[in-house]
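Engineer: The structure under discussion is supplied below as structure tokens; questions concerning it will follow.
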Amino acid sequence: MTRAEGRDEFRQARSFGAAADAYERGRPSYPPEAVAWLVPQDARTVVDVGAGTGKLTRALRAPGREVVAVEPSIGMREQFSHVLPDMRVLDGTGESIPLPDASVDVLVCAQAWHWVNPDRAVPEAARVLRPGGRLGLVWNFRDVSVPWVAELDRILRDCAAAPTNARQVEHVGAPFGPVERQDFRWSHPVSAGEVVDMVASRSYVITLEPAAREELLSRVRTLLDAERPAEMPYVTECHRAELAAR
């Protein structure tokens, strides 16, 4: 990575607070089947790192379970507290989680592991997890096998440089065991406005110059006017690994 690419990545990683409201309106939740695969039913303390506005956090709630969110962006934490006022959200990152050693059963990271430094985030996850605890990583990806979604992605590629970050799952190593993977296909009901908000909440769109951003969003609106979609198809990609017992 060049120095300029590093600066762009840094700027994109810290851009989300400026579009927290669009993020909340436009980003999808996560299917229950994926959450159940990531988090054992008997987990009593679950931490959502890089929680954003709480899209995954709210799906993690269960009777008798404590769920704690960790989020570095002030704007995202403010939006989180607005939509989930009864849930705990802390200032922190994947590399610095403000929780005691061996205090968590499951640590999940949704749409965020590609932003972390795995050399620091892997040992930090191991620190807060109890022996035998689980690390879960999850991403929602638009299903580009659907023609109009493929066209949407083409518009995004034409107008904005999406991050090239690898998901970095391969860097989850010892003291974690083998990483398992499972994908889940599903559809999220959407309006045209929510699709526009989803696009507007992407880091590489937030950081565009205003004229370029408006051109992109105008092309997206034109596509949506023609297609009139009622749902967005997704593939939710999940990974999990168990911490070795000490």
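The values are calculated or read from the model by the stated rules, or taken from the named source; none is laboratory data. All values reported here derive from a predicted model rather than from experimental measurement. Neighbour counts run over all protein chains shown; Cβ positions are idealised from the backbone, glycine included. Accessible surface is based on the protein model in full, side chains and every heavy atom, while ligands, DNA and RNA are left aside. Shrake-Rupley method; radii C 1.70, N 1.55, O 1.52, S 1.80 Å.
Engineer: Please give the number of the condition residue 167 fails out of (1) in a helix (DSSP H, G or I); (2) touching a residue at least 24 places away in the same chain (Cβ under 8 Å); (3) among the charged types (D, E, K, R).
Structural biologist: Tallying (1) in a helix (DSSP H, G or I); (2) touching a residue at least 24 places away in the same chain (Cβ under 8 Å); (3) among the charged types (D, E, K, R), residue 167 fails exactly one: (1).
Engineer: Within the set of pairs 6 or more residues apart or between chains, which connect a residue that is without any contact (Cβ under 8 Å) to a residue 24 or more places away in the chain and at negative phi inside the range 192-212 to a residue that is open to solvent by 50 Å² or more (accessible area, probe 1.4 Å) and part of a helix (DSSP H, G or I) with Cβ atoms less than 7 Å apart?
Structural biologist: Partner pairs satisfying both residue conditions: none exist.
Engineer: Condition first: among the charged types (D, E, K, R) and farther than 30 Å from residue 228 by Cβ. Now tell me which residues in the range 96-154 satisfy that.
Structural biologist: Once the filter is applied, which keeps residues that are among the charged types (D, E, K, R) and farther than 30 Å from residue 228 by Cβ, the range 96-154 yields 101, 105, 119, 120, 124, 127, 130, 134.
Engineer: Are any residues in the range 109-153 more than 28 Å from residue 220 (Cα to Cα), more than 17 Å from the chain's Cα centre (by Cα), assigned to a helix (DSSP H, G or I) and not hydrophobic (A, V, I, L, M, F, W, C), and if so, which ones?
Structural biologist: 119, 120, 123, 124, 127
Engineer: Step by step: first the residues of the range 12-27, then only those that are modelled with pLDDT of 60 or more and over 14 Å from the mean Cα position of the chain (by Cα), then the one that is surrounded by the most Cβ atoms within 10 Å (Cβ to Cβ). Which residue is that?
Structural biologist: Only one residue fits best here, namely 22.
Engineer: Only one residue in 56, 84, 90 is closer than 22 Å to residue 22 by Cα and free of Cβ contacts under 8 Å to residues at least 24 places away in the same chain. Which one?
Structural biologist: After ruling out the rest, the residue left standing is 90.
Engineer: For the range 198-241, name all the residues that are closer than 23 Å to residue 32 by Cβ and of a type in the set (Asp, Glu).
Structural biologist: Scanning the range 198-241 gives 231, 237.
Engineer: Let me ask you something else. From 182, 168, 111, grab the single residue that is open to solvent by 20 Å² or more (accessible area, probe 1.4 Å), in contact with a Pro (Cβ under 6 Å, 6 or more places away or on another chain) and not acidic (Asp, Glu).
Structural biologist: 168
Engineer: Okay, moving on. Just name the residue that is least open to solvent (accessible area, probe 1.4 Å) out of those in the range 202-246 that are out of contact with any helix residue (DSSP H, G or I) (no Cβ under 8 Å at 6 or more places or on another chain) and part of a helix (DSSP H, G or I).
Structural biologist: Taking the range 202-246 and keeping what is out of contact with any helix residue (DSSP H, G or I) (no Cβ under 8 Å at 6 or more places or on another chain), we get 209-211, 214, 218, 222, 226, 230-231, 234-235, 237, 241-242, 244-246.
Then drop every residue that is not part of a helix (DSSP H, G or I), which leaves 210-211, 214, 218, 222, 226.
Numbers: 210: 86, 211: 81, 214: 93, 218: 54, 222: 90, 226: 81 Å².
Step by step, filter the range 202-246, then rank; the result is 218.
Engineer: Continuing with the same structure: Of the numbered conditions (1) of a type outside the set (Lys, Arg); (2) in contact with a Cys (Cβ under 7 Å, 6 or more places away or on another chain); (3) open to solvent by 50 Å² or more (accessible area, probe 1.4 Å), residue 64 satisfies every one except a single condition; which is it?
Structural biologist: Of (1) of a type outside the set (Lys, Arg); (2) in contact with a Cys (Cβ under 7 Å, 6 or more places away or on another chain); (3) open to solvent by 50 Å² or more (accessible area, probe 1.4 Å), only one is false for residue 64: (2).
Engineer: Inside the range 90-104, can you point out the residues that are of a type outside the set (Asp, Glu) and either open to solvent by 30 Å² or more (accessible area, probe 1.4 Å) or in contact with a Leu (Cβ under 6 Å, 6 or more places away or on another chain) (or both)?
Structural biologist: 90, 93, 96, 98, 100, 102, 104, listed by residue number.
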